[in-house]
1. Within the range 287-298, which residues are over 16 Å from Ser173 (Cα atoms) and either in a strand (DSSP E or B) or outside the structural domain of Thr273 (by TED's automatic domain parsing) (or both)?
2. Residue by residue through the range 255-275, note down the ones that are surrounded by fewer than 19 Cβ atoms within 10 Å (Cβ to Cβ), out of contact with any helix residue (DSSP H, G or I) (no Cβ under 6 Å at 6 or more places or on another chain) and not hydrophobic (A, V, I, L, M, F, W, C).
3. Taking strands (runs of 3 or more DSSP E) that do not extend beyond the range 186-279, which have at least 1 residues that are polar (S, T, N, Q)?
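The values are calculated or read from the model by the stated rules, or taken from the named source; none is laboratory data. Small disclaimer: the values here were computed from a predicted structure and weren't measured. Virtual Cβ from ideal backbone geometry, glycine too; neighbours counted across all protein chains shown.
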Amino acid sequence: MAGQMKAGKAFEYAILREFKGKLEKLTTVKVIDNSPLILAKECFHGFDTQKQGRYLLTASFAVNFLIDIEPRLSNDIDETDILELEILPDSQGEIGDVRDVLAIRAVQKWEIGVSAKNNHKAVKHSRLSPDIDFGKKWLGVNCSSNYFSKVNPIFAKLKDMQKKSDGMRTWGSIDAKSLIVYTPILNAFKDELQRLYDADKERISRQLIEYLVGSKDFYKVIKRKNSVEIQAYNLRGTLNLPFDDIQPKFITPQCSLPTEILDISFKENSETTLIVKLNNNWKLSFRIHNASSLIEPSLKFDINLLKAPSSLFTNTLSVPKEA
């Protein structure tokens, strides 16, 4: 497992553990025992005790704040109102649910989720390949045959290179790979996204953000060296709810989803990055790259949120420096 992924899993476990430790003193808590929990726990215990302590300390600051702004975490209706904590499988991200740690109260028909990030802010790492219909997967609308007629010959050439080298040829051996691979693939993607948007503008605008940013409301918790950042993606108004007359200590406003794509164009002086601007102050970058050092008929996006509505709640908490 890659180091960044291992660190992310360890941080997920630290957040769940801090939720449990703090909330079981206030309400009945049940941790769902599943394979994602086992994996996250193994990753956590794969670090030395000093690193584990750092994860737990950072998670503790974040969890304390979340308890303050989510009264339903610590308040139950009666003894049947159990708070369940669960780590979700990564496969949920494939359908747009980016939450890693879930807190659920079935009796209250309520849940919140946390997306745990270890020192990075990327929103998605989606792939393009001859077998992936990004329109259907992301937006619920099939890509056109024209799109595949543009990208498939390029992927076919890559597959041929892979086959002829017995899978040993590297991307570095391709001269002008931006010109013959990245840029034409990006142009085809750009044209197809524009076509899909033109056919159903408001829905595609909204769906693009919902798939890439998150199909469910959630808190993004980003661990940094000596701080932790909490962002509230309250796109549908399901976060920050009161419990009876107990109000959250801070308000996280609802953010407006976009209704228009204003522009899709290449980043200035770049052959590998598209910038997508939407209304309501949403802006995304799509950087395409090879996911492996060895040639394969597949490419990967590094998708980042460059701008979000000013109503997006963000709070950064300082964490004591390591001794």
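1. Just the residues of the range 287-298 that are over 16 Å from Ser173 (Cα atoms), to begin with: 287-288, 298.
Across the range 287-298, the qualifying residues are Arg287, Ile288.
2. Ser256, Asp263, Ser265, Lys267, Glu268, Asn269, Ser270
3. Fully inside the range 186-279 and qualifying: 227-233, 261-266, 273-278.
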